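Here's the structure, in structure tokens; my notes come after.
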Amino acid sequence: MLQKALNRGLPIEEFKVRIIRIKTPKGVYVLMTSLTDQKKYATKHFYELYHLRWNIEEAYKIQKTFLNIEDFSGRTVHSIKQDVHTSVLIQAVVAIECFASQPFIRRR
């Protein structure tokens, strides 16, 4: 991933992250966040936040894998924004088509 960014001429900057390990009856979750202030963002809240964001994270996963969102067609901010918006549009059209086809599928 680093080499891809360097090849595209993108700036590389360091930033701090926080690794959180949460034990639950279902197992152990390891989360990474940029919310590094432990007083302001208590560890106990991350388990609930993780589950609230699950659908959003799944949508990102679909965009990154199925729509190949990280393989941009250009290097400029404009072309990257255009690719991202196109991916979102395609995802929306597919969702609309799936929703619209449900009555037909149920009848069959």
In region 30-67, residue modelled with the lowest pLDDT [restricted to those that are outside any helix (DSSP H, G or I) and touching a helix residue (DSSP H, G or I) at 6+ places or on another chain (Cβ under 8 Å)]: LEU67
So GLU70, is it of a type outside the set (Ser, Thr, Tyr), surrounded by 10 or more Cβ atoms within 10 Å (Cβ to Cβ) and assigned to a loop (DSSP other than H, G, I, E, B): yes
LEU6 vs. criteria more than 21 Å from the chain's Cα centre (by Cα), assigned to a helix (DSSP H, G or I) and surrounded by 10 or more Cβ atoms within 10 Å (Cβ to Cβ): yes
Test: residue in region 88-108 that is outside the structural domain of MET1 (by TED's automatic domain parsing), more than 27 Å from MET1 (Cβ to Cβ), more than 17 Å from the chain's Cα centre (by Cα) and outside any helix (DSSP H, G or I): yes
Every residue from region 38-62 that is surrounded by fewer than 10 Cβ atoms within 10 Å (Cβ to Cβ), over 30 Å from ILE90 (Cβ atoms) and not hydrophobic (A, V, I, L, M, F, W, C): LYS39, LYS40, LYS44, GLU48
Failed item in (1) of a type outside the set (Phe, Trp, Tyr); (2) modelled with pLDDT of 85 or more; (3) in contact with a Lys or Arg (Cβ under 7 Å, 6 or more places away or on another chain), with ILE20 passing the rest: (3)
Residue list for region 9-29, filter: part of a loop (DSSP other than H, G, I, E, B), among the basic types (Lys, Arg) and closer than 30 Å to ILE80 by Cβ: LYS16
One residue from ILE62, ILE80 being under 20 Å from ARG8 (Cα atoms) and outside the structural domain of LYS4 (by TED's automatic domain parsing): ILE80
Pair list, Cβ under 6 Å, 6 or more apart: region 26-42 residue among the basic types (Lys, Arg), other residue part of a loop (DSSP other than H, G, I, E, B): none
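The values are calculated or read from the model by the stated rules, or taken from the named source; none is laboratory data. These numbers were taken from a predicted model, which means no experiment stands behind them. Neighbour counts are summed over all protein chains in view; Cβ atoms, including those assigned to glycine, are modelled from backbone coordinates with ideal geometry.
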